[in-house]
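Asker: I'd like to ask you about the structure that follows.
The values are calculated or read from the model by the stated rules, or taken from the named source; none is laboratory data. Quick caveat, the model's predicted, so the values are computed rather than measured. Cβ sites come from the backbone with ideal geometry, for glycine too, and all protein chains shown count toward neighbours.
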Amino acid sequence: MRGLLAACFAVALCGIACAEEHSTTKETGVYSCEKYAALFQIRPDEADATYFPWAMAYIRDVNSKSAGAVFDLNAMSTAEMKRYLRVYCNAYRSADYSDAVEALMKSLPRVKR
């Protein structure tokens, strides 16, 4: 019985930690381009490490829900995609970062599954 209780407790703790991590990552898209650009100016590696994985996860999620053609993430290098997002955010400071990701995604060619 003790073992079962310990296992349930461990699973519950992991669930809470995973949910907190997911909510933090999920919120990245609602930050403004201005906030991203400001962070990029002082800590570019941190800005990329915080924002870019969310962008890729978002596009992969859209692709996973598509029954037809998907956005080709291999059409641009990682450096090109990061640059696209930086240029967009510098041009549209009041936009949400998710707007920049949508624009990037729509600039990618679509390929059949």
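Asker: Check Glu80, Glu102 and return the single one that is acidic (Asp, Glu), on the phi < 0 side of the Ramachandran plot and surrounded by fewer than 16 Cβ atoms within 10 Å (Cβ to Cβ).
Answerer: On the way: Glu102 fails: surrounded by fewer than 16 Cβ atoms within 10 Å (Cβ to Cβ).
The match here is Glu80.
Asker: Further question on the same structure: Taking the condition in contact (Cβ under 8 Å) with a residue 24 or more places away in the chain and not basic (Lys, Arg), does Tyr84 pass?
Answerer: Numbers: in contact (Cβ under 8 Å) with a residue 24 or more places away in the chain: no; not basic (Lys, Arg): yes.
Answer is no for this residue.
Asker: Additional query: Which condition from (1) at pLDDT below 95; (2) exposed (fewer than 12 other Cβ atoms within 10 Å of the Cβ) is the one that Gln41 breaks?
Answerer: It fails just one condition, (1).
Asker: Could you please find all residues in segment 32-73 being over 19 Å from Asp99 (Cα atoms) and hydroxyl-bearing (Ser, Thr, Tyr)?
Answerer: Those that are over 19 Å from Asp99 (Cα atoms) and hydroxyl-bearing (Ser, Thr, Tyr): Ser64, Ser66.
Asker: Can you say whether Val11 is on the phi < 0 side of the Ramachandran plot, of a type outside the set (Phe, Trp, Tyr), at pLDDT 95 or above and part of a helix (DSSP H, G or I), as far as the supplied structure shows? Quick ask: steps written out before the conclusion?
Answerer: Working: on the phi < 0 side of the Ramachandran plot: yes; of a type outside the set (Phe, Trp, Tyr): yes; at pLDDT 95 or above: no; part of a helix (DSSP H, G or I): yes.
It is false that Val11 is on the phi < 0 side of the Ramachandran plot, of a type outside the set (Phe, Trp, Tyr), at pLDDT 95 or above and part of a helix (DSSP H, G or I).
Asker: Can you tell me which residue among Ala55, Ala79, Ala49 is in contact with a Gly (Cβ under 9 Å, 6 or more places away or on another chain), within 27 Å of Ala38 (Cβ to Cβ) and among the hydrophobic types (A, V, I, L, M, F, W, C)? Write out each step before concluding.
Answerer: Working: Ala79 fails: in contact with a Gly (Cβ under 9 Å, 6 or more places away or on another chain); Ala49 fails: in contact with a Gly (Cβ under 9 Å, 6 or more places away or on another chain).
Within the list Ala55, Ala79, Ala49, the selection yields Ala55.
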